[in-house]
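The values are calculated or read from the model by the stated rules, or taken from the named source; none is laboratory data. The shown structure was predicted, so the numbers you read here are calculated from the model rather than taken from an experiment. Virtual Cβ from ideal backbone geometry, glycine too; neighbours counted across all protein chains shown.
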Amino acid sequence: MARSFPVGRVDLSKEVVKLRKVKLYALSTCGWCRKTKRFLDANNVDYEYEYVDLLTGNDKVRALAEVEQYNPRKSFPTVVVQNGDTHVVIGYKESRLREVLGL
């Protein structure tokens, strides 16, 4: 005899959040960078960040090359969101951050 299971809706939004990767490239002296970091923290976004101006040697060269890949002007903050697609937010743009982060 076959067993039946109830059919229902499954909320995968939390699973999708786990699959995204968020990286903030910032300067330690940048007010807009601090504001972006506070926004991510306040919205419980799991993210990595680098203060590019505090890096040295090859680490700094690598980070600047990564930023330039997404933002040829190399301005800060630069937020890269990868969730299947890659979205880049340059500068502090709260509405755009909410959109690409699904908040």
Does K60 satisfy being charged (D, E, K, R), touching a Pro at 6+ places or on another chain (Cβ under 9 Å) and either farther than 14 Å from L24 by Cα or surrounded by 14 or more Cβ atoms within 10 Å (Cβ to Cβ) (or both)? no
Which of the following residues is hydroxyl-bearing (S, T, Y) and modelled with pLDDT under 95: S75, S28, S13? S13
Can you confirm whether segment 40-49 contains a residue that is at pLDDT 95 or above, in a helix (DSSP H, G or I) and touching a helix residue (DSSP H, G or I) at 6+ places or on another chain (Cβ under 9 Å)? yes
State which residue pairs qualify: first residue within 13 Å of V88 (Cα to Cα) and inside segment 20-33, second residue surrounded by fewer than 12 Cβ atoms within 10 Å (Cβ to Cβ) and of a type in the set (D, E) in any location, beta carbons under 6 Å apart, and separation of 6 or more residues or different chains. K23/E48
Which residues, taken from segment 50-103, are in contact (Cβ under 8 Å) with a residue 24 or more places away in the chain, of a type in the set (A, V, I, L, M) and outside any strand (DSSP E or B)? V52, L54, A63, V67, L97, L101, L103
